[in-house]
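Visitor: Please find one structure pasted underneath; my questions will follow.
The values are calculated or read from the model by the stated rules, or taken from the named source; none is laboratory data. Here the structure is a predicted model, which is why all the values come from computation and not from measurement. Quick reminder, even Gly has a Cβ in these numbers, built from the backbone with ideal geometry, and neighbours come from all protein chains shown.
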Amino acid sequence: MNEQIMEYASGNEMAAIAVQQIGYDLMGYYPITPSTQIAENLDAMRAAGETDLIMIAAEGEHSAAGICYGASVGGGRVFNATSANGLLYAIEQLPVQSGTRYPMVMNVACRTVSGPLSIKGDHSDIMYMLNAGWIIFFAHTVQEVYDFNILALKLAEQVRLPAVVAFDGFFSSHQKRRCYRFAKEKVIREFLGEKKDPYPFFDFEHPVTVGSYMNEPDLINNRYQLHLAMEEARDALPALFQEYRKLSGREYAHIEAYQCEDAETILILLGSSYDTSLEAVEQMRKQGEAVGVLTLHLLRPFPAKELCEVCKNATYLVVADRQDSYGAKGGNLSIEVRAAMQQYGGQAKIKNLVYGLGGKDFFVEDAGKMLHWAKEGKEDFCYYGVTAGKGKEMSSQSEEELPFFPPLTPEKTKLGLTQAVETEDGFTVKGGTLNATTAMPKRIAPGHGACPGCGIPVNLNLLLRAIEDPVVLLFQTGCGMIVTTPYPKTSFKVPYVHNLFQNGAATLSGLAEICYRKQERGELPPGEILFIMVSGDGGMDIGMGAALGTALRGHHLLLFEYDNGGYMNTGYQLSYSTPKGARSSTSHVGKEQYGKTFFHKDMPQLMAATNIPYVATVAESNPTDFMKKAAKAAAYAKQKGVAYVKALSACPLNWNDKPSTERSVIEAAVDCCYFPLYEVEQGKTKLSYDPEKTGKKRPVLEWLSMMGRTKHLAKEEYAEIVEEIQTEVDCRYRRLKERAEHPLL
């Protein structure tokens, strides 16, 4: 057994340590809770010079999977980590990886699949992987997360299939435990050996074509070969487990069982619930009850024979699923167990419980009740732990008592405070003064959970103060959505819908078009309704494709982006709008890294390139300009097509500054021209504010120094980086001024 070091660490931390020790070449990733810490830890290691791993932050999980596929085709050792809807967003790419037989490893910190949105842990995501052709390990301890990451790569490269290491989100991923890692990386790397490519892609003397078009019988032969590879993995596992036992002293098998040899009733479940169930079994054994519990270390290849051997003497099997395969009267684990028992025989009566959805806690008492239910329960399938929800309790109230505040009907907002009048050159706004618009009722109630100083409610209220039409709001996933809609309450006095980051604009397009159809049919009253999508927290990275598609189609709606310069709702990872040089949890500062390494994305210019009728930038430091542009954007959205408005939105928590100073920080961003105020109206650029003319132009470092995330750039060692940022900001602003002075641009 080789020298090992004890760590007190979480599953995410041990996964990152395994990746660093293995010496992977590349990680393509997109941050999603609860797997994000893996990338965060690896980036910290990279900044400190502890790994030379290439880390590519994609704009979404689908692209992250593509990055990994490309790198694995090129012969690299490749790693990824994701969860929940991120896994589902990437899933189109996953059979491509297995079907072309390129090994890699992906960690899945299991989490509830939306909707409705929940970030807590269950197994509804990993079960989508069962038919993807990937080997699937399932770790129930932090130690196993580390060990299985090593075993998964060894097996993946041996049989040329990609592999997953799954573990419970927030339980195994975040809870710290004592565990062991190898003291020397050399031990792991010798165990794995050199990566071998039977068909090197960069061999120009023997060029290969990857991903050919196939008809039958070639495709069925391809699938048969994949089947054979999975069976090869099944056969290889016992020897692999034994080899690793000699290396580490830790013994693994397809299945881990406790007190099952003479058990009358056996509880079967996955993940961290197994460890909780061990205590229940011990307590019940002391009371003379013949019970046992088992868990699986693999879902693919499924250890059917090994499972049936362990359960051959049992009378009852209770399969507890942390997800449901709706309509099948059982989750996927129970379906697999039933199939295994049919194939290999067994006398046990199989009963299924669905439990722990959305991360619902699982206690020792719960395991005991499940084991008792095997004999006592009259049903063969049911949900465990269902309660009468808050919604049901509320429904007992009278209809008049339900709303916390009266709805904002159209007549309550038609106050004539702000009007956009069409002229030959576009729209001119009348009214819209700061004092007058305070009379506009707020569509968003003050009862939200945003952090002190958060710019999201500030910017939303400024936007909506100048819009008198009835509005329908769609929020993409992000801080703005999370802090306003904790079930069963809502902060919205107007119709509201949520959809995920990558699909907000498309969803709103469909909603708007069906509204217009219903109005044409007389099913809805006539009148203009303004459809507004609210996006931020990186939503215009992963959601940019849908936004650009919506812009090109020309639907009548307004896209509003609150740009807080990062993925703030997941703990501040870098987004494409994060300033170059900024510190974030995936762009650390260290001896080998100075923060984010590339320039911020210019989303307004990207939207302007689609030739939509109106694009504008706004800032809370210039509120009158903000509201006049909001009124103009609303007019364009109703009468001409898509309008896009972007606000720079403060995030004191992650910008690492003070809530009381945010307006001055925003003002500095405008004055240094990092965030210039302008509009592109019917293709013509107009500067709204020129700090050079007013003598307020200041160096970009002055703004960067106001925030903790970029304060380090003031050090002499980063002078070259600051000069690059200043040059880029000045260049973009000069181009903008040139456009504003040109008669056509």
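Visitor: Which one of these is among the charged types (D, E, K, R), without any contact (Cβ under 8 Å) to a residue 24 or more places away in the chain and assigned to a loop (DSSP other than H, G, I, E, B): LYS601, LYS596? Step through it out loud before you land on a result.
Guide: Numbers: LYS601 fails: without any contact (Cβ under 8 Å) to a residue 24 or more places away in the chain.
One residue alone meets the criteria, LYS596.
Visitor: Output the residues belonging to region 519-545 that are surrounded by fewer than 24 Cβ atoms within 10 Å (Cβ to Cβ) and among the small types (Gly, Ala, Ser).
Guide: GLY522, GLY527, GLY545
Visitor: Sticking with this one: Of the residues SER575, SER649, SER621, SER587, which single one is touching a residue at least 12 places away in the same chain (Cβ under 8 Å), more than 24 Å from PRO452 (Cα to Cα) and out of contact with any Cys (no Cβ under 6 Å at 6 or more places or on another chain)?
Guide: On the way: SER575 fails: more than 24 Å from PRO452 (Cα to Cα); SER649 fails: more than 24 Å from PRO452 (Cα to Cα); SER621 fails: more than 24 Å from PRO452 (Cα to Cα).
Only one candidate qualifies: SER587.
Visitor: Could you check region 57-94 and list, in sequence order, the residues that are small (Gly, Ala, Ser) and part of a helix (DSSP H, G or I)? Full working, then the answer.
Guide: Start the filter on region 57-94 by keeping residues that are small (Gly, Ala, Ser), which leaves 57-58, 60, 63-66, 70-72, 74-76, 81, 83-84, 86, 90.
Once the filter is applied, which keeps residues that are small (Gly, Ala, Ser) and part of a helix (DSSP H, G or I), region 57-94 yields SER63, ALA64, ALA65, GLY66, GLY70, ALA71, SER72, ALA84, GLY86, ALA90.
Visitor: Pull up region 584-624, narrow it to residues that are surrounded by fewer than 21 Cβ atoms within 10 Å (Cβ to Cβ) and charged (D, E, K, R), then point me to the one that is farthest from TYR29 (Cα to Cα).
Guide: GLU620
Visitor: So which of VAL210, VAL159 is aliphatic (A, V, I, L, M) and either outside the structural domain of GLY76 (by TED's automatic domain parsing) or more than 25 Å from PRO238 (Cα to Cα) (or both)?
Guide: Numbers: VAL159 fails: either outside the structural domain of GLY76 (by TED's automatic domain parsing) or more than 25 Å from PRO238 (Cα to Cα) (or both).
Answer to the check: VAL210.
Visitor: Moving on. When region 561-592 is examined, which residues are found to be at pLDDT below 95 and among the polar types (S, T, N, Q)?
Guide: Answer for region 561-592, where residues must be at pLDDT below 95 and among the polar types (S, T, N, Q): ASN569, THR570.
Visitor: Consider region 372-387. How many of its residues are acidic (Asp, Glu) and part of a helix (DSSP H, G or I)? Walk me through how you get there before you give the answer.
Guide: Here is the first cut: in region 372-387, the residues acidic (Asp, Glu) are 376, 379-380.
Cutting the leftovers down to part of a helix (DSSP H, G or I) gives us 376.
Going through region 372-387 one residue at a time, the tally reaches 1.
Visitor: For region 560-584, what are the residues that are within 13 Å of ASN656 (Cα to Cα) and either in a loop (DSSP other than H, G, I, E, B) or basic (Lys, Arg) (or both)? Spell out the reasoning first.
Guide: So the first thing to find is which residues in region 560-584 are within 13 Å of ASN656 (Cα to Cα), and the list is 564-566, 568, 571-572, 582-584.
Selection gives ASN564, GLY565, GLY566, GLY571, TYR572, ALA582, ARG583.
Visitor: Taking the conditions exactly as written (assigned by TED's automatic domain parsing to the domain that holds PHE531, over 33 Å from the mean Cα position of the chain (by Cα) and crowded, with 20+ Cβ neighbours inside 10 Å), does THR437 satisfy them or not? Talk me through it step by step, then tell me what you get.
Guide: Numbers: assigned by TED's automatic domain parsing to the domain that holds PHE531: yes; over 33 Å from the mean Cα position of the chain (by Cα): yes; crowded, with 20+ Cβ neighbours inside 10 Å: yes.
Taking the combined requirement at face value, the residue satisfies it.
Visitor: So GLY133 clears everything in (1) touching a Leu at 6+ places or on another chain (Cβ under 7 Å); (2) under 21 Å from GLY23 (Cα atoms); (3) surrounded by fewer than 24 Cβ atoms within 10 Å (Cβ to Cβ) except one condition, right? Which one?
Guide: (2)
Visitor: Now, a different point. GLU243 fails exactly one of the following numbered conditions: (1) part of a helix (DSSP H, G or I); (2) free of Cβ contacts under 8 Å to residues at least 40 places away in the same chain. What is the number of that condition?
Guide: (2) is the only condition that GLU243 fails.
So that you can scan it fast, the table gives a plain yes or no per residue for (1) under 20 Å from the mean Cα position of the chain (by Cα); (2) over 16 Å from GLU561 (Cα atoms); (3) touching a residue at least 12 places away in the same chain (Cβ under 8 Å):
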| site | (1), (2), (3) |
| --- | --- |
| VAL483 | yes, yes, yes |
| TYR487 | no, yes, yes |
| LYS493 | no, yes, yes |
| HIS498 | yes, no, yes |
| SER509 | no, yes, yes |
| ALA512 | no, yes, yes |
| ARG517 | no, yes, no |
| GLU523 | no, yes, no |
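Visitor: Something else about it: Given the conditions (1) in a helix (DSSP H, G or I); (2) in the same structural domain as LEU606 (by TED's automatic domain parsing), and given that CYS731 satisfies all but one, which numbered condition is not satisfied?
Guide: Every listed condition holds for CYS731 apart from (2).
Visitor: Another question about this same structure. Filter region 618-657 for residues that are in a strand (DSSP E or B) and not hydroxyl-bearing (Ser, Thr, Tyr) and give the result. I'd like the intermediate steps shown before the answer.
Guide: Of region 618-657, the ones in a strand (DSSP E or B) are 618, 643-648.
Selection gives VAL618, ALA643, VAL645, LYS646, ALA647, LEU648.
Every residue, every condition in (1) assigned to a loop (DSSP other than H, G, I, E, B); (2) within 33 Å of the chain's Cα centre (by Cα); (3) at pLDDT below 95, yes or no:
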position	(1), (2), (3)
GLU251	yes, no, no
GLY271	yes, yes, no
GLN283	no, no, no
GLY288	yes, no, no
GLY292	no, no, no
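Visitor: Of the residues THR490, THR484, THR428, THR477, which single one is polar (S, T, N, Q) and in contact with a Lys or Arg (Cβ under 9 Å, 6 or more places away or on another chain)? Spell out the reasoning first.
Guide: Values: THR490 fails: in contact with a Lys or Arg (Cβ under 9 Å, 6 or more places away or on another chain); THR484 fails: in contact with a Lys or Arg (Cβ under 9 Å, 6 or more places away or on another chain); THR477 fails: in contact with a Lys or Arg (Cβ under 9 Å, 6 or more places away or on another chain).
Of the residues listed, the single one that is polar (S, T, N, Q) and in contact with a Lys or Arg (Cβ under 9 Å, 6 or more places away or on another chain) is THR428.
Visitor: Picking from ALA668, ALA719, which residue would you name as being among the small types (Gly, Ala, Ser), at pLDDT 95 or above, in the same structural domain as ILE456 (by TED's automatic domain parsing) and assigned to a helix (DSSP H, G or I)?
Guide: Details: ALA719 fails: in the same structural domain as ILE456 (by TED's automatic domain parsing).
Matching residue, one of ALA668, ALA719: ALA668.
Visitor: Do you know which of the residues in region 298-319 that are under 27 Å from the mean Cα position of the chain (by Cα) and among the aliphatic types (A, V, I, L, M) is surrounded by the most Cβ atoms within 10 Å (Cβ to Cβ)?
Guide: Looking only at region 298-319, we keep the residues that are under 27 Å from the mean Cα position of the chain (by Cα), and these are 298-300.
Retained after the next criterion (residues that are among the aliphatic types (A, V, I, L, M)): 298-299.
Values: LEU298: 21, LEU299: 23.
Residue satisfying both the conditions and the ranking: LEU299.
Visitor: LYS390 versus (1) at pLDDT 90 or above; (2) of a type in the set (Lys, Arg); (3) closer than 29 Å to SER124 by Cα: which is the lone unmet condition?
Guide: (1)
Visitor: With the structure loaded, tell me whether ASP52 is closer than 20 Å to TYR594 by Cα, surrounded by fewer than 24 Cβ atoms within 10 Å (Cβ to Cβ) and over 16 Å from the mean Cα position of the chain (by Cα) or whether it fails that test. Reasoning before the result, please.
Guide: Working: closer than 20 Å to TYR594 by Cα: yes; surrounded by fewer than 24 Cβ atoms within 10 Å (Cβ to Cβ): yes; over 16 Å from the mean Cα position of the chain (by Cα): yes.
Criteria met by ASP52.
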